[in-house]
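Data first, discussion second: the structure below is written as structure tokens.
The values are calculated or read from the model by the stated rules, or taken from the named source; none is laboratory data. Since we're looking at a predicted model, the values are computed, not measured. Counting neighbours? That spans all protein chains shown, and the Cβs are built from the backbone with ideal geometry, glycine included. Just the protein is used for accessible areas: all its heavy atoms, side chains included, with ligands, DNA and RNA removed. Shrake-Rupley method; radii C 1.70, N 1.55, O 1.52, S 1.80 Å.
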Amino acid sequence: MKPREINFDGIVGPSHNYAGLSPGNLAATRSAGAVSRPRAAALQGIAKMRANLRLGLVQGVLPPHARPDRRWLEALSTTYEDAPSHLRAQALSASAMWAANAATVSPAPDTGDGRCHLTVANLLTMPHRSHEWPETLAQLRLAFAHPVFAVHAPVPAPFGDEGAANHMRLAPAHDAPGVELFVHGEHGGPFPARQHREASEAVARAHRLDPARTLFVQQSEAAIAAGAFHNDVVAVANGPVLFAHEQAFERRDEVHADLRRVMPEAEVIEVPVARVSLADAVSSYLFNAQLVTSPDGSMTLIVPGETRAHPGVWAWLVEMLARDGPIRRVEVVDVRESMANGGGPACLRLRVVADPATVDPRFLVDEAKLDRIADAVTTHWPETIEADAIDDPGLVTRTERARATLLATLDLVELTYR
Ligand code: SUG
């Protein structure tokens, strides 16, 4: 079978809450202390996956991690019960839902050995995300155990790597050799640049990419300062199309010229700052869209409801559709619980290009399996979590029980680690 795009969505975990843990992520900072709705959050994610299935795409899942992360707390010589409250919040975060940060993926046609390479992201800039990688690695090693895949351990500290959120691939078709663009930050105004160039270069070497078809691009300082803590908040690529904000990259002209040089058929759809400011791009999450190719070859942009709610941004999209370019449809999804923590439709998925028959089927879903996942969520996920609930032992018991039920539903109990 030919390689296909498979989107692996992180299932929103039962501890989803708003603790304001990500400086530079304006939505998460704004939501700090708000009451979260884990059940609604997970069901919104499931509805998005159903919409992807209806577009004819292959869909996968990555289950929520063990939370609180008792192993991490043990490594810090404490326990959930004894830890200071900031460590508790960091140990409880459901941030592994944002699967675009799980790993960087280079499909087989791009790599020197013809395997699909995945490097798990170390996420070391944010403490609450820095302990995701061991479980992510365990999941990826199970899902992609087939020899057509090579799964790599993370790049070592101090080089920050945030995975596919800072990586774009352009190719004439999914199964043709492509160009890989790694986007790193050097400065971010008051905010940290989470992706380091050293890390991107290490990933490219591990994946045995052809240096002639690999570009290292600096994200603009203005974008990070405006709240684009990952490149996928200001740009997204699919097939030969790069859809980007005019101010996404520090040296825009150079990036466009380099891209045209290595891939003359690349098509750049740029949103001018005069029409959509960086602030509006960040608040509407226009670029945190899934840009996908349906089996009929047409492209659809899957945007969050917040994009439609923004009159200026929506007007630009309507004009773009009328221009008859490569993006033929816009689909709107509601992922507002994730959005309130800075995670749009694209953040929630890790895109892998591979033959679905080579993936462990327990990580793939159809409507019937999504029904079973939705049942587990409806029965076991808390309806709400208040800001002070992290001190409630009942929440911990409930969170752990909920995840155990889901793992049993997915036949993935081997991921339980205690
Ligand atoms: O890393 N939010 C995530 C959002 C990640 C979005 N991913 C992509 N753009 N690909 C982050 O900032 C907030 C969690 C909290 O504050 O509790 C958080 O981690």
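Details
- Separation of alpha-carbon centers, the stretch 339-418 and the stretch 258-277, rounded to whole Å: 36 Å
- The packing ranking, built from the mean of other Cβ atoms within 10 Å per residue, places the peptides 222-235, 108-121 in the order 222-235, 108-121, highest first.
- Restricting attention to the chain, close to 50% of DSSP beta bridges with both partner residues there are antiparallel.
- Counting only alpha carbon atoms, the long axis of helix 38-54 and the longest principal axis of the chain meet at about 40°.
- Taking the Kirkwood radius as Rh and the Cα radius of gyration as Rg, the chain has a ratio of Rg/Rh equal to 0.94.
- Accessible surface, 1.4 Å probe, highest first, among residues 148, 359: 148, 359
- Percentage relative contact order, the stretch 280-347, counting C-alpha pairs under 8 Å, at least six apart: 37 percent
- Residue 373 contributes about 0 Å² of solvent-accessible surface, heavy atoms of the protein only, 1.4 Å probe.
- Relative contact order [Cα under 8 Å, 6+ residues apart], the chain, whole percent: 24 percent
- The angle between the Cα long axis of helix 197-206 and the longest principal axis of the Cα atoms of the chain comes to about 90 degrees, rounded to the nearest 10.
- Taking Cα atoms only, the orientation of helix 133-143 departs from the longest principal axis of the chain by about 70 degrees.
- Using bins of 5 Å that start at zero, the share of Cα-Cα pairs per bin across the stretch 1-134 amounts to 2, 9, 15, 19, 18, 15, 9, 7, 4, 1, 0, in whole %.
- The residue among 76, 53, 94 whose Cα reaches farthest toward the positive pole of the charge dipole of the stretch 52-99, with charges on the beta-carbon of Lys, Arg, Asp and Glu, is 53.
- In the complete set of protein chains, residue-level accessible area for residue 392 is approximately 70 Å², probe 1.4 angstrom.
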